[in-house]
Amino acid sequence: MTAVEIRKEGEVALVKIDNPPVNAAGYDVRVGLVNAIQDVTSDDAIKVIALFAAGRTFVAGADIREFGQPPKQPGLPEVCDLLEASAKPIVCVLHGTTLGGGLEIALSCQARVGIKGLKLGLPEVNLGLLPGAGGTQRLPRLVDGKTALTMITSGKPISAEAALDAGLLDDLQDGDPEAVALAAGQQVLDGTLKTRVTAEQDNRITADELNTFRVKAKGEVVTRALKAAEASSLPLVEGLQLERELFVEALASNAHKGLKHAFFAERAVAHIPEAKADARDLESGGVIGGGTMGSGIATAMLLAGMPVTLIEMEEDRVAFARETITKNLDGAVKRGKLTEGQRDAVLGMLTCTTDMAALADADVLIEAVFESMDVKREVFGKLDQVCKPGAVLATNTSYLDVDEIAATTSRPQDVIGLHFFSPAHVMRLLEVVVGKETTPEIVATSFRLAKKLRKIAVRSEVCDGFIGNRILAHYRKSSAYMQLDGAPFEQIDAALEGFGFAMGPFAVSDLAGQDIGWATRKRQAEFRPAEERYVEIADRVCEQGWFGRKSGKGFYSYDGKTRSVNPAVAEYAQAEREAKGIAPRSFTDAEIVDFYMAAMVSEAARVVEEKIALRPIDVDAVFLFGYGFPRHWGGPLQYADITGLDVLVQRIEEYAKEDPYYWQVPALLRELAEAGKSFNDLNKEG
Ligand code: 3HC
Ligand code: NAI
């Protein structure tokens, strides 16, 4: 099969792009297009070219996998120039998601016909790039300045109808792309579909529009894209040249490396050993426990169209769960995700009761009761009695041993961990924790459930805290160490927010409630190794009843939406330093980020080394989609690759001089650094 095929129908040449799954404009497509144009140009019988694509979409962009590889000619800009210069008019028929390089191909043709349902966009900024095959120059020559600048800088697609209104499409049709292409070719022939050369149109961005967007532009990526768009006031050739230079600069940026990695992380995690196992049907769900998590999980299932039965202990808890779910759905109505009618229909699919027998027909059961092994054992014992054979029995535990929970049932092969993140109907991550007896079918079914709930599932083996919470438990200590050694907590928060986290670790503790961490620390006190440093500042805060936002005070004091530093925290820190004989030192923001990230990378490397995660990219996905990790860094292990593994080894060795217990170079990190390899090399090995 070739990536581009020609079929001639009278005076129309039908040129079909066929490069599954998304018709990315890789090398084969580009060569195919050049050959097709040459072939058709030399055929006197052909008067019009109709370009379209097979499969689910017209070209969804350049082939992202080629970025970072040595460029292969012809490049997409050359192909676009060739299309624009074609002596015979080209009408392009677009369907599916015509994005990035796909839209740039379309912009270079002489007419564009959309097929209903089409979305068109320039998502390059989401990859840290800018349109690099003429998009920033040709789009402003076809549509008004505001539409062009919005598409170029936001990366968001527009609907076919909006594109028709803006003049980006010349016509909108319904039907099969090939049939529409033939009809459109004939319309060009008989003059009912007008053609025009984009290069000959005037640029429509005004100086005022540019100023407005300049004021709004945040960050290097959008600023660079805007700079390219600004060049559309130049003659086309000069504008294209500047766009190319900026594109090459963007390709070399760390932001692009991180964002490209994040794009692939979202998709790579679906590649699991159990992918081909027979997934079971998932019509209905059961949730046990209707607190914070259970209500959120039930909401997620309802939003995916699944009838849900929720079990609580007592009638007032039943009523509370229903109320919480109703509020969650009201939120979805407010955000325009659901109409009021849909909310009422969805609520009609919810049963809340204290009677476990009501779970008998459910296909998947998710337990979200208190984080106590005894309570969970009891619940799973009952589930074993009431649930139908073949039902998935899942626990949403944050830390407990899934194998121990499974062992309380007569069907450990059907038991799995499904670890949602709060709020469960909003957060995209779902850790799928595979027990030693869990069958491949149950794993595959869990991934199917994630898809249904529009979540990103990441496979994890069993360990304390699984992938995410295990790593979190480790690196959280590093911020307390810096606080004790002299860094004000608000500086630590600000430095990490500057790195890209939405919130620093102290603000997060206040938000989540410090009581949970305090209880855990007290529980773990007797097992804490003597060599491990322990920081008491947070305990002092909790002893005052200051658990964070919910008590009006924690590390910060809260007054409505404003927060200020709680001055008592610095006093506790100073008192502890004096008691422990620590002379405070200052940290730069860069030192704070280096220290914190080295701690995160260390435990992340161990999680890969112990094969808790399938690949480094799975760890990255957990942090990107569950822990607010800055997307432009691509995840902790992509950050490690960008920083350099040898640099990280040196940093850890340096920190180990002060604290050799906490700072130990993970064997895998050292091994990769010594071999001159990266975590991404492990991703490629699979
Ligand atoms: N290049 C290479 N591979 C791509 C790709 C691309 N542009 N777009 C998607 N893929 C791959 C995915 O990695 C995935 O591979 P896998 O099955 O091996 O994991 C497969 O195609 C299917 O993708 P999805 O699972 O995402 O399929 P969906 O149907 O859910 O979504 C889509 C389709 C909306 C097109 C989505 O894939 C998407 O948004 N793709 C990226 C679009 C994009 O960013 N285009 C711009 C590229 S940059 C550019 O064009 C530069 C130019 O200006 C020079
Ligand atoms: P929660 O305390 O808000 O809710 C627990 C609910 O379970 C309560 O409503 C309680 O009445 C109910 N319950 C207790 N025993 C029950 C029983 N035998 N039958 C029926 N209902 C029972 O707790 P939360 O935060 O929702 O946590 C639940 C589970 O989810 C825990 O295992 C927790 O570790 C885990 N988790 C919590 C996250 C969070 O951010 N809160 C995130 C991810 C997982």
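The values are calculated or read from the model by the stated rules, or taken from the named source; none is laboratory data. Just so we're clear, the structure is a prediction, and the values are computed from it rather than from any experiment. Cβ sites come from the backbone with ideal geometry, for glycine too, and all protein chains shown count toward neighbours.
To keep it simple, each residue is scored yes or no on (1) buried (at least 24 other Cβ atoms within 10 Å of the Cβ); (2) within 29 Å of residue 421 (Cα to Cα); (3) touching a His at 6+ places or on another chain (Cβ under 8 Å); (4) polar (S, T, N, Q).
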| position | (1), (2), (3), (4) |
| --- | --- |
| 583 | no, no, no, no |
| 591 | no, no, no, no |
| 606 | no, yes, no, no |
| 616 | yes, yes, no, no |
| 620 | yes, yes, yes, no |
| 634 | yes, yes, yes, no |
| 640 | yes, yes, no, no |
| 658 | no, no, no, no |
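When restricted to residues that are within 11 Å of ligand 2 (Cβ to nearest atom) and either touching a residue at least 60 places away in the same chain (Cβ under 8 Å) or under 18 Å from residue 483 (Cβ atoms) (or both), region 507-519 contains 2. When restricted to residues that are without any contact (Cβ under 8 Å) to a residue 40 or more places away in the chain and under 35 Å from the mean Cα position of the chain (by Cα), region 564-587 contains 2.
Within this structure, residue 349 fails the test of being within 25 Å of residue 381 (Cβ to Cβ) and either of a type outside the set (D, E, K, R) or modelled with pLDDT under 95 (or both). Taking the conditions (1) in contact with a Leu (Cβ under 6 Å, 6 or more places away or on another chain); (2) more than 15 Å from ligand 2 (Cβ to nearest atom); (3) closer than 30 Å to residue 597 by Cα in turn, residue 455 satisfies each one other than (2). If you go through region 487-504 and keep only what is surrounded by 21 or more Cβ atoms within 10 Å (Cβ to Cβ), of a type outside the set (Gly, Ala, Ser) and in contact (Cβ under 8 Å) with a residue 60 or more places away in the chain, you end up with 489, 492, 496. Look at (1) more than 15 Å from ligand 1 (Cβ to nearest atom); (2) closer than 13 Å to residue 168 by Cα; (3) touching a helix residue (DSSP H, G or I) at 6+ places or on another chain (Cβ under 7 Å) and you find that residue 88 fails only one, number (2). Taken together, 429, 484 contain a single residue that is outside the structural domain of residue 303 (by TED's automatic domain parsing), in contact (Cβ under 8 Å) with a residue 24 or more places away in the chain and out of contact with any Leu (no Cβ under 7 Å at 6 or more places or on another chain), which is 484. Only one entry in 32, 10, 26, 55 is surrounded by 15 or more Cβ atoms within 10 Å (Cβ to Cβ), at positive phi, of a type outside the set (D, E, K, R) and at pLDDT 95 or above, namely 55. Just one of (1) surrounded by fewer than 22 Cβ atoms within 10 Å (Cβ to Cβ); (2) within 16 Å of residue 222 (Cβ to Cβ) fails for residue 157. It is (2).
Considering region 104-134, and only residues there that are free of Cβ contacts under 8 Å to residues at least 60 places away in the same chain and among the small types (Gly, Ala, Ser), the residue that is surrounded by the most Cβ atoms within 10 Å (Cβ to Cβ) turns out to be 106. Filtering region 188-217 to residues that are without any contact (Cβ under 8 Å) to a residue 40 or more places away in the chain and crowded, with 19+ Cβ neighbours inside 10 Å leaves nothing. Can you say whether residue 153 is free of Cβ contacts under 8 Å to residues at least 40 places away in the same chain and closer than 26 Å to residue 256 by Cβ, as far as the supplied structure shows? Judged against the criteria, residue 153 is not a match.
Among the residues of region 417-454, those that are surrounded by fewer than 19 Cβ atoms within 10 Å (Cβ to Cβ) and closer than 23 Å to residue 627 by Cβ comprise 422, 423, 426, 427, 428, 451, 454.
Residues that are part of a strand (DSSP E or B), within 16 Å of ligand 1 (Cβ to nearest atom) and farther than 11 Å from residue 3 by Cα within region 36-72 comprise just one, 62.
Residues in region 265-316 that are within 16 Å of ligand 2 (Cβ to nearest atom), over 30 Å from residue 631 (Cα atoms) and crowded, with 18+ Cβ neighbours inside 10 Å: 285, 286, 287, 288, 289, 290, 308, 309, 310, 311, 312. Here 191, 167, 155, 185 are screened, and the one residue that is assigned by TED's automatic domain parsing to the domain that holds residue 102 and within 16 Å of ligand 1 (Cβ to nearest atom) is 155.
Scanning region 21-35 turns up at least one residue that is part of a strand (DSSP E or B), in contact with a Gly (Cβ under 8 Å, 6 or more places away or on another chain), hydrophobic (A, V, I, L, M, F, W, C) and closer than 25 Å to residue 241 by Cα.
If only residues of region 135-152 that are more than 16 Å from ligand 1 (Cβ to nearest atom) and among the β-branched types (Val, Ile, Thr) are counted, the one that is surrounded by the most Cβ atoms within 10 Å (Cβ to Cβ) is 143. Cβ-Cβ distances below 7 Å connect the following pairs, each with a first residue in region 649-668 that is closer than 15 Å to residue 482 by Cα, a second residue that is among the polar types (S, T, N, Q) and outside any helix (DSSP H, G or I), and a separation of six or more residues or different chains: 656/664.
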